Structures are given as structure tokens and as C-alpha cells.
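Asker: Pasting a structure here, questions to come.
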């Protein structure tokens with residue numbers, strides 16, 4: 001009887017368990033996850049520790065490893081600090097930042113610039129981030145044992161920390177961590193097999209010959225090998241490094257405001273007055289070299305995206321691919337054990353080139369571009385510690401470590417890089433394009449359409465000129481007027497900005513007053529006075545052309561030569 | 001019964017929704033009232049600071065509320081009252097949505113009426129002039145009216161920072177059309193002003209105005225001299241001593257080389273650009289310019305020597 005009673009009880013318990021099994025399972029898992037979360041939180045936030053959260057969108061595994069390495073190093077120096085990084089996918093980064101910042105739970109260090117329109121980032125800098133201007137002219141304390149010990153922080157960067165300066169706020173707001181540049185990667189193994197060459201050819205004519213040889217061979221699938229893997233994304237790099245700089249010499253005909261650059265309105269004025277034409281020899285050279293190089297891209301490249309081109313290269317169907325330091329480690333890993341990877345500069349023609357030599361006035365200039373910039377959240381619990389960690393990461397030694405692990409180029413002067421990245425050192429002396437047809441609106445759309453057709457050889461150069469030039473001259477004026485309206489809208493925005501700066505100056509204490517007033521006055525001149533003067537002059541030039549007696553900007557007039565001669569004679573006589 | 005049950009459920013749900021709404025709305029009013037009451041415990045200085053902070057963050061309605069609170073708390077002759085009115089004027093003028101220039105003008109004029117000699121009155125006069133100058137897109141600026149307005153600021157507030165700023169804007173209106181007669185006016189005005197106000201804070205900008213005037217009048221030697229003076233009198237921010245002179249150096253070198261024929265000055269400023277701004281895009285172009293200058297000088301010196309030799313030979317003969 002006892003046995004049957006126990007059995008009944010057991011059956012009852014079993015039935016109850018069966019009845020409430022889902023709830024039991026949920027309960028168990030709930031408590032298990034609760035404990036896990038709590039344990040993890042404790043591990044991440046030990047009691048008494050200063051926790052610094054760092055967020056970014058760099059999902060490359062080596063980037064996270066590099067941050068971890070530096071975090072551990074920093075924590076050794078500062079045992080009361082705990083650094084946690086949060087890697088957020090690119091596609092949701094913008095929304096994530098917005099909700100975190102607005103909710104007051106933003107990370108202490110935030111990588112800036114992805115996933116939101118620029119003006120939104122400006123408002124976030126303004127509302128949530130700590131201005132760093134007061135720190136950038138002092139040396140970085142973490143450089144105290146190297147040659148940068150006494151160098152102001154911003155001057156330790158290869159670009160002078162220009163990217164850290166936010167014009168709209170007139171403050172330094174962020175610190176970059178790496179430097180980008182673009183080169184040609186090539187499959188050394190395939191190059192040797194198809195052409196017999198051990199190294200990539202940097203001479204332009206040799207490069208074209210090599211491309212011809214590559215095309216003549218067939219791959220295992222029976223298709224012709226592709227000399228250059230390309231896509232819509234990659235063409236932009238070739239434009240900047242090989243095609244557009246061919247136009248450099250035309251600067252001397254159209255730099256009417258003498259600032260050393262060819263702006264969009266100057267190009268328009270030059271075309272309107274006949275100073276420049278699409279069939280100028282320099283433009284002809286620009287489109288000529290474009291044709292020659294793009295004929296070595298794979299068919300249909302203009303419709304491909306970046307990954308498809310990289311895939312073509314990784315599959316050993318193409319020999320060359322243009323890309324930046326951001327892809328270098330990935331390509332190296334893909335090539336490992338499969339083929340030998342080489343890096344070379346773009347095969348810019350030299351001055352002896354039979355066709356382009358006379359247009360080549362020098363190497364192509366590369367602006368040092370620093371990026372992966374972090375700002376300090378003023379709502380964080382320990383902004384001073386966050387800033388300190390940022391300075392730590394931006395010291396010469398640590399920036400070198402960070403970038404070596406990731407396979408990128410350091411942005412701090414003197415920091416060394418991997419041997420294979422030596423080729424990525426930017427060229428700071430060189431020529432640049434004198435080609436700027438972007439007035440927005442219809443003329444720009446027409447240009448993009450025609451340029452695309454030209455790039456895929458569906459329109460000849462002659463027809464490109466015939467189709468574009470009259471359209472540009474006729475419609476460019478309308479488009480320019482639209483741009484002018486945007487500028488005028490900007491004046492009110494500037495006035496609002498200046499009002500804030502003025503109030504800061506009016507309410508400054510004695511210590512800060514001088515600096516605030518100097519800032520205010522320089523902004524009044526730079527943002528409101530001179531832009532209006534320049535805009536009016538631009539408009540007059542666009543409408544009426546340059547003054548009749550105006551000498552071409554970079555030509556010595558006879559009058560000037562006489563004047564110089566007079567001065568030289570005078571100097572000779574006084575000696 | 002089921003129908004009755006459903007009807008009961010519906011009315012329960014409705015009742016619940018009404019309760020939640022009441023709670024939410026009450027909560028909102030309590031919160032805003034609390035925030036407002038909290039604000040009213042602050043001093044005028046703190047309220048002004050909050051008001052401007054809200055303006056900077058484009059929270060214009062909050063900014064207006066705070067400025068209005070200050071005006072209610074203070075007597076009309078109180079400096080804080082004037083500051084609050086100035087704030088209201090700026091918010092209604094410069095806000096993106098709900099802009100009301102008329103209301104803004106009323107506030108600025110109120111300040112001028114209450115305390116015509118005050119600091120805020122000067123800034124208000126300048127604001128009224130700027131309102132005339134910054135017309136909406138599609139409208140034309142009436143430069144005569146604008147010039148009168150700036151002149152008014154300059155003449156009624158000599159020595160005040162707003163007056164100096166107004167003077168700069170005024171002279172700029174004379175050079176925008178690149179008209180020789182107007183340039184002469186601006187040049188004469190600026191020279192006189194700098195003579196009377198040797199300590200002018202906008203000195204560098206005023207020398208730039210003069211440089212522009214000389215450029216319009218094609219007196220390139222004086223243009224170059226004025227550009228160099230503008231450079232030498234540039235104010236340096238003590239908090240950020242790294243002022244950018246790259247464009248200044250390039251501009252001086254270019255005018256020296258191609259307008260004034262002063263190759264020595266051109267060389268000097270191209271070299272300054274190269275040395276002080278090694279990452280500037282124009283460095284290589286500056287190097288080519290120096291080579292070009294050297295070649296030109298060599299060629300001209302050779303010509304001069306030949307000419308001198310021929311002259312000596314002629315004289316001997």
C-alpha cells in the first residue's frame with residue numbers, strides 16, 4: 001500500500017512536471033542567463049574599477065585584437081581601469097550611436113563618422129563630445145621617452161591632425177588612429193608565370209606591354225586572364241592616381257583667383273570663355289590614358305561591386321588590383337599559401353614617355369589621410385581617463401603596435417610600419433588634377449552618364465567632347481546659380497554659429513577672453529566677410545567672364561617682365 | 001453570454017487605456033512643471049547660460065522660455081534684462097524654423113530704446129544691420145540701405161567692438177563689385193580708420209580690404225605691401241597658436257611673382273609654404289615656381305648684361 005502510495009505521489013509529481021515543463025525550462029534558462037549576465041558584468045565592471053567603453057564599427061578581427069592588446073598594456077599601467085570594446089556592425093552603427101547618446105548610455109570613446117549624415121555627426125560632436133583643442137598644443141605625455149617628447153600633440157600626426165579639427169565647431173574634437181593610402185597589389189606568382197617578370201612594372205609602357213601579355217593567356221577555365229581586376233569602386237582610385245592628374249598644367253590658364261587650385265566655377269568660366277576646351281592636349285591625354293588602362297579591366301567591370309573585383313583577384317583570374325591599406329591584411333591572408341602577393345606604386349608615366357611625357361610635370365601628390373577617429377563622450381563617467389587612453393593609443397610606440405597588428409599604416413610621425421606597407425608611404429610632393437566639372441545639377445548628371453559610357457568604350461573621345469561641352473556651357477550657368485543659393489542659405493547658418501561664438505566671447509572670464517575674441521574675429525572675416533566678396537566676384541566672372549585686360553593667371557605679361565628687369569637693374573646698380 | 005463577455009472585455013480595455021492616458025498626461029505636466037520650477041530656482045546668470053546652451057543645441061523653444069523667464073524676473077534697466085532681450089532677438093532671428101524677423105527687430109529696438117548707451121544696444125544695432133544684409137534666398141540685397149545701417153553702428157558707437165565689425169562689413173560692401181570708384185571709397189575710409197584707430201582689432205582684415213582695393217585699382221606694388229601687412233598683423237589665438245598661413249603665403253608669393261614683379265618676395269613666401277606646410281598640396285607647385293623664377297631671373301640678368309655691354313661699346317665708339 002505504501003508502495004502504491006509512493007507510486008501515486010511520484011506519478012503526481014511527474015504529471016505536474018510534465019504539465020509545467022515549459023515554465024520550468026523557461027525558468028531555468030532565465031536564471032542561468034541572469035547569472036551569466038551578472039557574472040559577465042562583474043567581470044567587465046569589477047567593483048571600484050573605472051570602466052571605459054570604446055565603440056567602433058571595425059569588424060576586422062585584428063582590429064579588435066589590437067585594441068585588446070593596447071587595453072591590457074594600459075591596464076597594467078593603470079590597474080584601476082578596465083577597458084571594454086564594443087564592435088557594432090557598420091549597417092546599424094549610426095542608429096546604435098544615436099540611441100546610446102540620446103539615452104545617456106553612450107560609450108566613453110566613440111568612433112565617429114559612420115552611418116549618419118554629416119550634419120547629424122556635427123550635432124553629436126556639439127552636444128555630446130569633449131572639445132580637445134586645449135590639449136592638442138601640449139605634448140603627449142606617452143611620448144616622453146621618444147623624439148616627440150616636446151612636440152605638440154597635433155604635430156605628432158603625419159597630417160598635423162587635420163582630420164581631428166571640425167571646421168563647423170572650430171574645435172579639435174577627435175583623434176585619428178591610422179593612415180590610409182592606395183596602391184596596386186599584384187599576384188607575383190601569376191605575373192611570373194604569364195610574363196616572366198619577378199616584379200611589377202612601374203614604367204607605364206612596360207605596364208601596358210605586361211597587360212597585353214597577360215590578356216593573351218587563357219586561364220584553366222578557358223577564359224582570357226584579366227590584367228586588372230576592377231569595379232565601379234576601383235575606378236575612382238585610378239582616376240585620382242593615373243588619369244585626372246594628367247590635366248595639371250591647365251591650372252595656369254584657369255586659376256583666376258590664384259589660390260593654386262582649379263575650382264568648379266573657374267573651370268566653367270574657362271570653358272565658357274574658350275580658355276579651356278575638352279580637346280585641350282592635356283584633357284586629350286587624360287582621356288587617352290584612361291582608355292588605355294581601362295581596356296585592361298575585366299568586361300562589365302562598371303557594374304561590379306568592390307567584393308566581386310577582390311574575388312576575381314583572389315581567385316587568381318586577374319594579376320593587378322588597386323586597393324588601400326584597409327584591404328592589405330585581408331589580401332595577404334587570402335594569398336597565403338596560394339600565391340605570392342606584391343605591392344607597387346601606380347605606373348604613372350615618366351617624363352620620357354613618348355606620348356604623355358610632356359604632360360607629366362612630376363609625381364602625383366597624395367594627401368595624407370588619417371582616419372578611424374575617436375571622440376570623448378562628455379557624459380561618460382570618466383572622460384579624463386577616456387582621454388588619457390586615447391593619448392596612450394596615439395603615442396608613437398602604441399600607434400605603431402596598433403597598426404602593426406591590424407596591418408595598417410600608423411599615423412604618428414616616426415612610427416614604423418611592416419616592410420610590405422613601406423610602399424604605402426604617401427608622396428607629399430606632386431601634381432594634382434585641374435579637372436573639376438562638378439557644378440551639380442543637370443550638367444553633372446550628364447557628365448557622369450557620358451564618362452561612364454566612355455569608360456566602357458561605348459562612346460569615342462570625339463563624341464564625348466561633342467556631347468558634353470555645349471551641354472556643360474549651356475546648362476552649367478543654371479547649375480551654378482543653384483549652388484549659389486546653397487551658399488546664401490549657408491550665410492544664415494554661419495550667422496547662427498557666430499552668435500554662439502560671440503556669446504562665448506562676451507561671457508568669457510579674464511583668462512579665456514582674449515582667445516575667444518580672437519577666434520570670433522577671425523571667424524567673422526573667414527565665414528561672412530570674405531566669402532561674400534569671393535562669391536560676388538565668382539558670379540561676375542561666371543556671368544561676364546574675366547576682365548578683358550586680364551592676363552592668364554600664370555603667364556608673365558610683357559609689362560611684368562619690364563618691371564622685373566627694372567628691379568634687377570636697380571639691384572645691380574646698388575651692389 | 002459570450003457577447004456579454006466580449007462587451008465587458010472591451011469596456012475594461014477602454015477603461016484601462018483611459019487610465020493610462022490620464023497617468024501619462026499628468027506625468028508630463030508634472031515633469032514640465034517640475035522642470036520649470038527647477039529652472040526658476042536658478043540665478044539669472046545660470047538661466048542665461050542655460051538659455052544660450054539651448055540655443056546652441058537648437059532647442060529654440062526652451063531657449064525662448066528661459067530668456068522670457070529672465071525678462072519677467074528682472075527690471076528693465078537690469079543688464080540681465082537687456083541680455084535676455086538680446087537673446088530673444090537672436091533666437092527669433094536666427095532659428096531655423098519659426099523664424100520671425102519682425103519680432104526679433106522689436107526685441108533689438110527695445111534694447112536700444114531702454115538703454116541706448118549700453119553694450120547690448122551696440123550689438124543690437126549691428127544685429128539689425130546684419131538682418132538687412134542677410135536676405136533670404138531669392139531676394140536682392142539693398143546695399144545702400146545696408147551701408148546706411150552699418151554706418152549708423154559705426155558712428156553711434158565709436159570704439160565698440162560691434163562698431164569695428166560694422167566698419168569691416170561696410171568696407172567689404174564697396175569691394176564686392178570690383179568697381180574702381182567704390183574701391184577708392186573703401187581705400188580712403190580704411191586708411192583713415194587705421195590712422196584714427198591704430199589699435200584696431202580687425203587690423204589684419206582691414207589691410208586685406210586695402211589689398212583688395214589696390215588689386216582692383218591695379219596698383220600691384222601697394223597690393224603686395226598691404227597683403228604683407230595683413231599677414232604680419234594677423235591675430236594669433238593664444239589657446240591655439242597654430243594659425244594656418246598656407247593660403248596667405250601662397251597668395252603673397254603669387255601676387256609678388258605675377259603682378260608686382262617682386263621675385264625676391266615671391267621666392268621667400270614660396271619657401272615659407274614649403275618649409276612650414278610640407279603636406280600642403282601646393283608644395284611641389286611652389287618648388288616649380290621657384291625654379292621658374294630662377295630661370296627667369298637668369299635669363300633677364302643675361303639680357304641686362306648684354307644690354308649693358310652693348311651700351312658700353314656704343315659709348316666707347
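Laboratory data are not the source of any read-out in this text; all were calculated from the coordinates shown. Here the structure is a predicted model, which means the values were calculated and not measured. As a convention, Cβ positions derive from the backbone with ideal geometry for all residues, glycine included, and neighbour counts pool all protein chains shown.
Asker: Percent of alpha carbon pairs in segment A:348-392 separated by more than 15 Å?
Answerer: Details: 642 of 990 pairs.
That fraction is 65 percent.
Asker: Quick check on packing: order A:409-422, A:225-238, A:484-497 by the mean number of other C-beta atoms within 10 Å, highest mean leading.
Answerer: Order by mean packing, descending: A:225-238, A:409-422, A:484-497.
Asker: A follow-up question, please. Rg(Cα) of the protein assembly as shown divided by 2.2 N^0.38 Å? Walk me through the intermediate numbers first.
Answerer: On the way: Rg = 33.9 Å, N = 892, 2.2 N^0.38 = 29.1 Å.
That ratio works out to 1.16.
Asker: Over the Cα atoms of segment A:84-137, how large are the radius of gyration and the largest Cα-Cα distance (Dmax), in Å?
Answerer: Final numbers for Rg and Dmax: 11.7, 36 Å.
Asker: Give me the mean projected area, in nm² to one decimal, of the convex hull enclosing the Cα positions of segment A:443-575. Could the numbers behind the result be given before it?
Answerer: Details: hull surface 65.7 nm².
Taking the Cα atoms of segment A:443-575, their convex hull projects to 16.4 nm² on average.
Asker: To continue, here is another question. With springs connecting C-alpha atoms under 10 Å apart, model chain B as a Gaussian network and identify which of B:133, B:81, B:197 has the largest mean-square fluctuation.
Answerer: With Cα springs under 10 Å in chain B, the top fluctuation among B:133, B:81, B:197 is at B:197.
Asker: Okay, moving on. How large is Rg over Rh for segment B:116-172, taking Rg from the Cα atoms and Rh as the Kirkwood inverse mean of 1/r across Cα pairs? Mind dumping the intermediate values first?
Answerer: Working: Rg = 11.1 Å, Rh = 11.3 Å.
Over the Cα atoms of segment B:116-172, Rg/Rh equals 0.99.
Asker: What does the structure give for A:253-261 when I average, per residue, the other chain Cβ atoms found within 10 Å of the residue Cβ? Could the numbers behind the result be given before it?
Answerer: Numbers: counts 0, 0, 1, 0, 2, 8, 5, 13, 4.
Average neighbour count from other chains, rounded to a whole number: 4.
Asker: Along each of the three principal axes of the Cα atoms of chain B, give the extent in whole Å, ordering the values from largest to smallest.
Answerer: 135, 56, 40
Asker: Further question on the same structure: Give me the mean projected area, in nm² to one decimal, of the convex hull enclosing the Cα positions of segment A:348-441.
Answerer: Numbers: hull surface 44.1 nm².
Mean orientational projected area (segment A:348-441, Cα hull): 11.0 nm².
Asker: Let me ask you something else. Working from Cα positions, state the angle (0 to 90°, nearest 10) between the long axis of helix B:203-216 and the longest principal axis of chain B.
Answerer: Around 60 degrees separate the two axes.
Asker: Please state, as a whole number in µm²/s, the translational diffusion coefficient that the Stokes-Einstein equation yields for segment B:171-283 at 25 °C and 0.890 mPa s, with Rh defined as the Kirkwood radius across alpha carbon pairs. If you can, show how the numbers build up before the last one.
Answerer: On the way: Rh = 14.8 Å.
Once the numbers are plugged in, D ends up at 166 µm²/s.
Asker: Also: Could you work out how far apart the two model spin labels at residue A:344 and residue A:9 are, taking each label as a point 7 Å from the Cα in the direction of the beta carbon, and quote it in nm?
Answerer: Result for the modelled spin labels: 8.7 nm.
Asker: Where a ≥ b ≥ c are the square roots of the eigenvalues of the C-alpha gyration tensor, would you call segment A:154-307 rounded, which needs a/c under 1.5, or, failing that, prolate if a/b is larger than b/c, or oblate?
Answerer: Details: a/c = 2.47, a/b = 1.39, b/c = 1.77.
Note, shape of segment A:154-307 comes out oblate.
Asker: For peptide A:489-498, compute the average count of partner chain beta-carbon atoms within 10 Å of each residue's beta-carbon. If you can, show how the numbers build up before the last one.
Answerer: Numbers: counts 2, 0, 5, 10, 2, 1, 8, 9, 2, 3.
For this peptide, the per-residue mean of nearby foreign Cβ atoms is 4.
Asker: Okay, moving on. Which of B:42, B:273, B:85 ends up with the largest GNM mean-square fluctuation for chain B, with Cα atoms connected below 10 Å?
Answerer: B:42
Asker: Tell me, what is a quarter of the convex hull surface for the C-alpha atoms of segment A:383-428, in nm² with one decimal? Don't skip to the end; give the middle numbers.
Answerer: Values: hull surface 14.8 nm².
Value for segment A:383-428: 3.7 nm².
Asker: Let me ask another. Starting from the Cα of residue A:193, step 7 Å along the direction of its Cβ; do the same at residue A:477; then give the gap between the two resulting points in nm.
Answerer: Computed distance between label sites residue A:193 and residue A:477 equals 6.0 nm.
Asker: For segment A:420-480, build the convex hull from the C-alpha positions and give me its volume per residue in Å³. It would help to have the intermediate numbers written out before the result.
Answerer: Details: hull volume 8.5 nm³, N = 61.
Hull volume normalised by residue count: 139 Å³.
Asker: Most exposed first by the Cβ proxy, i.e. fewest other Cβ within 10 Å, how do A:37, A:136 rank?
Answerer: Ordered from fewest to most neighbouring Cβ atoms within 10 Å, A:37, A:136 come out as A:37, A:136.
Asker: What is segment A:119-267's relative contact order, in percent, from Cα pairs under 8 angstrom and six or more apart in sequence?
Answerer: On the way: 108 pairs, mean separation 16.4, N = 149.
Relative contact order here is 11 percent.
Asker: How large is the Kirkwood hydrodynamic radius of segment B:231-309, counting all unique pairs of alpha carbons, in Å?
Answerer: The answer is 13.9 Å.
Asker: Using only the Cα atoms, work out Rg/Rh for segment A:497-575, with Rh taken as the Kirkwood radius, to two decimals.
Answerer: Numbers: Rg = 22.4 Å, Rh = 17.1 Å.
Rounded to two decimals, Rg/Rh equals 1.31.
Asker: What is the angle, in °, between the Cα long axis of helix B:283-316 and the longest principal axis of the Cα atoms in chain B? Nearest 10 is fine, range 0 to 90.
Answerer: Tilt relative to chain B: about 20 degrees.
Asker: In the protein assembly as shown, what % of DSSP beta bridges are antiparallel (nearest 5)? Before the final figure, lay out the partial values.
Answerer: Working: 25 of 39 bridges.
Percent antiparallel among DSSP bridges in the protein assembly as shown is about 65.
Asker: Could I ask something else about it? If you take the Cα Rg of segment B:116-233 and divide it by 2.2 N^0.38 Å, with N the number of residues, what do you get? Kindly include the intermediate steps, with their values, before the conclusion.
Answerer: On the way: Rg = 14.6 Å, N = 118, 2.2 N^0.38 = 13.5 Å.
With N residues counted in segment B:116-233, Rg over 2.2 N^0.38 Å equals 1.08.
Asker: Quick one: P(r) of segment A:251-371 from all Cα-Cα pairs, 5 Å bins, percents rounded to integers, in order of increasing distance.
Answerer: Per 5 Å bin, starting at 0, the Cα pair percentages come out as 2, 8, 13, 14, 15, 16, 14, 9, 5, 3, 1, 0.
Asker: Okay, moving on. Provide the FRET efficiency to the nearest 0.05 for the residue A:540-residue A:453 pair, computing r from the beta carbons and using R0 = 35 Å.
Answerer: Numbers: r = 35 Å, r/R0 = 1.00.
With a Förster radius of 35 Å, E is 0.50.
Asker: Starting from the Cα of residue A:466, step 7 Å along the direction of its Cβ; do the same at residue A:50; then give the gap between the two resulting points in nm.
Answerer: My value for the distance between the label points is 7.2 nm.
Asker: Roughly how tilted is helix A:2-44, in degrees to the nearest 10 and between 0 and 90, from the longest Cα axis of chain A?
Answerer: That works out to roughly 40 degrees.
Asker: Identify which of B:187, B:217, B:134 has the largest mean-square fluctuation in a Gaussian network model of chain B, with springs joining Cα atoms closer than 10 Å.
Answerer: B:134
Asker: Within 10 Å of each residue's Cβ, count the other Cβ atoms and sort A:287, A:157 from fewest upward.
Answerer: Values: A:287 21, A:157 24.
In increasing order of surrounding Cβ atoms, one gets A:287, A:157.
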